[in-house]
Amino acid sequence: PAAGSFRNFDVSDGLPDNSFNHRSVYSRNGKLFFGSSNGFVIFYPDSLKDNTTPPPVYITGLRVLEKSRPVPGDALELPYRENYLSFDFVALNYDSPEKNQYAYMMKGLDKDWIYSNTRRYASYTNLAPGKYTFRVKASNNDGTWNEKGTSLAIIVHPPWWRTWWAYTFYVLCFLTGLFLADRYQRQRLIQKERERTKERELAQAKEIEKAYHELKTTQAQLIQSEKMASLGELTAGIAHEIQNPLNFVNNFSEVSMELIEEMETELANGDKEQAIAIAGDIKQNLQKISHHGKRADFIVKGMLQHSRTSTGEKQATNINTLADEFLKLSYHGLRAKDKSFNAELVTNLDKNLPKVNVVQQDIGRVLLNLFNNAFYAVHQKQKAESPKQKEEYKPVVEVSTSAKDGFVIISVRDNGCGIPEGIKEKILQPFFTTKPTGEGTGLGLSLSYDIVVKGHSGKIEVNSKEGEYTEFTISIPG
């Protein structure tokens, strides 16, 4: 009475039946007498003792999509489609087990315990991907709870399109789309400029009547072609490289014209020996014109190959020629931005270097990227020096080639600011750059790595000391 609580007893506790006639007697010694339709019932309240032992609790059954499965010992892992679960559980109390009480919860989904009274099963549908813990606790017939109960860890895996690697793939696809769109726009501009240049060349070609005028027109066309927007900072470098052979062509053409006039005069005078000697000089001049004309043609083809997408076709290539041309193009490209910049170009090229089968456009891109980085490094170091140090510091970019153990080796070295030790392992990763925002995409070295390692089964190595030098070494199977 003081606690205001009560407890029911029924047939399961030993009563003859559950029907009473509402008559009862409370004796002086504390005994309780109740009359029922099946005799007297005598209670000894002081002798009644509760079962205070918490019953052990077990999960006895598991069904996934209504199909039975064994209960795992550690954790249950399920794909996202198998998210309909049912559990059977029991408390091991044999004193009136039908009075055992149960409560369960799905931690991560339920906010509190769900009391199911004597019901010994639970169901969950449409579990979202995630981590859960199914917990069960129970009480015996006297209301003593096993609060710890038992539990089962459950992991519902997400569908593949919601995994971290799928999101990473989405981001990469987006960035790749941006890159391809930008590249497509650039190629369209290149194509339009090529078409305009071709039209100008055809229009000018119709008006050419003499060889001298043909050379002058070709020179103008080559200079004009250097203005293609797609080549960016290389425009000035390419123009400089083409101008030199064209100057030679023009000079030797003018000298040859004068020699022809002299030869005509000697022939008119009957001096055959002098005419033959002049013809030899003309022949030498024509050989020089041919040499420098081919050099200009090589530069133009290299420029076009660099601006178009690689065909992937490997061909025997003179690496020395390729390295020398792109070194000059890169240097004059930077000079076009800053006329005050000067650097010493050192070439140690193995004269006996064999030709190697490579995709010329791709290896050209690799060399151009390494040269651009080298000149950028020495230029940045020069700008950071004090006035006195600037006078003492001489930027140097060196390229060397050699052959060893079946590999053709290309080394590009500069005495610039070097690479800090902490980021040396990251520089070949995509989108990693040390340049300020807007000056680099972080794709140059990673693309170079793919071209050398994946495209040509070669190696690319980096050796650097911060504040002193950086050296990239490329090894390509011969």
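Quick one: pull the percent of accessible area on the stretch 63-139 belonging to carbon and sulfur, 1.4 Å probe, ligands and nucleic acids left out. Show your work: numbers first, answer last.
Numbers: 2120 of 4440 Å².
On the stretch 63-139, the fraction of accessible area on carbon and sulfur atoms equals 48 percent.
How do the peptides 175-185, 357-367, 447-457, 119-129 rank, highest first, by the average count of neighbouring beta carbon atoms within 10 Å per residue? Before the final figure, lay out the partial values.
Numbers: 175-185: 10.8, 357-367: 22.0, 447-457: 17.6, 119-129: 13.8.
Highest mean packing first, the order is 357-367, 447-457, 119-129, 175-185.
In the full protein assembly as shown, how much of residue 413 is accessible to a 1.4 Å probe, in Å² to the nearest 10?
90
Taking the alpha-carbon set of the stretch 17-72, what are its Rg and Dmax in Å?
22.2, 62
What number, in percent, do you get for the relative contact order of the stretch 332-399 if the mean sequence gap of Cα pairs under 8 Å and at least 6 apart is divided by its residue count?
Numbers: 36 pairs, mean separation 37.4, N = 68.
Relative contact order of the stretch 332-399: 55 percent.
How large is log10 of I(q)/I(0) for the stretch 327-468 at q = 0.11, 0.15, 0.18, 0.21 Å⁻¹ when the intensity is taken from the Debye formula with one equal scatterer per alpha-carbon?
-0.44, -0.83, -1.18, -1.53
Using the Cα atoms as the points, what is the convex hull volume per residue of the stretch 1-122 in Å³?
On the way: hull volume 21.4 nm³, N = 122.
Measuring per residue, one finds 175 Å³ for the Cα hull of the stretch 1-122.
How many nm is it between the label spots at residue 118 and residue 424, if each spot is 7 Å from the Cα in line with the beta carbon?
7.7
What are the principal axis extents of the Cα atoms in the stretch 133-186, in Å, biggest first?
Each principal axis gives a Cα extent; for the stretch 133-186 these are 83, 13, 10 Å.
When the distances between all Cα atoms of the stretch 51-112 are binned every 10 Å from zero, what whole-number percent does each bin get?
Result returned by the calculation: 16, 44, 30, 9, 1.
Which value does Rg/Rh take for the stretch 314-381 over its C-alpha atoms, Rh per Kirkwood?
Values: Rg = 13.3 Å, Rh = 12.9 Å.
Checking Rg against Rh, the ratio lands at 1.02.
Going by accessible area, probe 1.4 Å, with all protein chains left in place, what is the ranking of 160, 165, 113, largest first? It would help to have the intermediate numbers written out before the result.
Values: 160 155, 165 130, 113 50 Å².
Result of the area sort, largest leading: 160, 165, 113.
The values are calculated or read from the model by the stated rules, or taken from the named source; none is laboratory data. Only a predicted model underlies this, so the values are computations on that prediction, with no experimental measurement involved. Virtual Cβ from ideal backbone geometry, glycine too; neighbours counted across all protein chains shown. Accessible surface areas use protein heavy atoms only, side chains included; no ligands, DNA or RNA. Shrake-Rupley method; radii C 1.70, N 1.55, O 1.52, S 1.80 Å.
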